[in-house]
Amino acid sequence: MDLEYKEEDLHFRDEVRQFFKDHLPTELSEKVRRRRHLQREDAVRWHKILAEKGWIAPGWPVKYGGTGWSAMQRHIWAEEYAKAYAPPTLSFGLNLLAPVLLGFASEEQKQHFLPRIYHAEDWWCQGYSEPGAGSDLASLNTRAVREGDFYIVNGQKTWTTLGQHADWIFCLVRTSTEGTKQTGISFLLIDMKTPGITVRPIITMDETHEVNEVFFDNVKVPVANLVGEENKGWTYAKYLLGHERTGIAAIGNSKRELKVLKRLALSKQLNGAPLLQDPQFAARVADIEIELMALEMTALSLVADGASSKIGPEASMLKVKGTEISQAISEMLLEASGPSGLAFDPDYLHNRKPAPDSGEDALAALAAHYFNLRKITIFGGSNEVQRNVISKMILGL
């Protein structure tokens, strides 16, 4: 499944690998490899290491701190990033909000917010989904009524990932009820320290505080925090979701996890032989590998055509197939692990006890990993909705 690289790409890959070897803290990569939960300080620490190197925002224009890498270099970066078990960066600011700011914000907003995102001075969360407005996001009801130089915001957001850590939230709010439900939406930046905001945790199946409900009770937000034009937020929301769906495809992670699956299946026995040699199991692994190869080629072709700067409905294809592959690999990992993979130990997941002294790849966290990945075909717009997008926008049906 390896690609053919030009000589300059090979040099770049060597540079990236050496950087991870020299600068990625071992304790952080081990947490990722063993699927243990990261703390806020872990993410910020790694983010700042990358920012100091100048490699925190590969997708940004060079003017604002981007790397100027080619499409292939960015692909190599993502692949080596996954191989190194590097922690995730503060992606809500870097990869979701920043493209919207770069495309639609005022220069004053760019100059204020982008450096703070770059240097991890602000942790952002996303205020999109609401009760009754998930995949049907245009049905949102959080209202923002203008009073002089402020908007008064009332409503509720849900499934707000890591909102308990956030300094700011970018929100879709309803500023008009005229016309279609898409036309009255605006894109607003809100300081989480503003009076009237309440964050309530939602504890997930692995006993993790990852998502939240966020309530707004007469929250005063300066009109200066409006991005772009009032009532044009649906345009910006779709632009952001294109970037989110592309990232959810997680091709580098799936390539890494597929190798983990193969190693695990070689170490497990079935009828006196390695599980990976079982014809039925091997055929399923091969099917996943072929689909992953096709997904990677599709993503590379889109990037090579310049689609990364104007991501459209093609992102839905990457999101659907990428999430299905991720889930399939996690299912086979759990199956290959046997009884060892059924363990559920919150103390291990939350770093309250040492990792087991064994050569197996974090079997103690596989069940939690499997259940956590059930969400990825739902968030960022459910895959059912994405198929409608593909049908209408790409196939013209």
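List of remarks:
- Selection of region 98-121 for residues being surrounded by 19 or more Cβ atoms within 10 Å (Cβ to Cβ) and either assigned by TED's automatic domain parsing to the domain that holds residue 157 or under 30 Å from residue 202 (Cα atoms) (or both) yields 98, 99, 100, 101, 113, 114, 117, 118, 120.
- Whenever a residue of region 245-257 is farther than 19 Å from residue 332 by Cβ and modelled with pLDDT under 90, its partners that are charged (D, E, K, R) and surrounded by 20 or more Cβ atoms within 10 Å (Cβ to Cβ), lying with C-beta atoms within less than 7 angstrom and at least six residues away or across chains, give the pairs 245/319; 248/319.
- Region 8-23 residues that are closer than 14 Å to residue 55 by Cα and surrounded by 15 or more Cβ atoms within 10 Å (Cβ to Cβ), paired with ones that are modelled with pLDDT of 95 or more and polar (S, T, N, Q) (beta carbon under 9 Å, 6 or more apart): 20/29
- Test for residue 266: is it crowded, with 17+ Cβ neighbours inside 10 Å and part of a helix (DSSP H, G or I): no
- Whichever residue in region 207-232 is of a type in the set (Asp, Glu), buried (at least 17 other Cβ atoms within 10 Å of the Cβ) and modelled with pLDDT of 95 or more and, among such residues, is nearest to the chain's Cα centre (by Cα): 213
- Pairing residues of region 123-145 that are outside the structural domain of residue 320 (by TED's automatic domain parsing) and in contact (Cβ under 8 Å) with a residue 24 or more places away in the chain with residues that are part of a strand (DSSP E or B) and acidic (Asp, Glu), at Cβ distances under 6 Å and at least 6 apart in sequence or on separate chains, gives 140/130.
- Where residue 204 falls short, out of the listed (1) farther than 30 Å from residue 69 by Cα; (2) modelled with pLDDT of 90 or more: (2)
- Scope region 6-39; condition under 23 Å from the mean Cα position of the chain (by Cα) and not in a helix (DSSP H, G or I); matching residues: 24, 25, 34, 35, 36, 37, 38, 39
- Among the residues listed as 167, 217, the single one being under 23 Å from residue 104 (Cβ atoms) and charged (D, E, K, R): 167
- Considering residues of region 348-386 that are of a type in the set (Lys, Arg) and more than 20 Å from the chain's Cα centre (by Cα) only, the residue modelled with the highest pLDDT: 352
- One residue from 46, 77 being free of Cβ contacts under 8 Å to residues at least 60 places away in the same chain and among the aromatic types (Phe, Trp, Tyr): 46
The values are calculated or read from the model by the stated rules, or taken from the named source; none is laboratory data. Since this is a predicted model, take the numbers as computed values, not measurements. Positions of Cβ are backbone-derived with ideal geometry, glycine not excepted, and every protein chain shown enters the neighbour counts.
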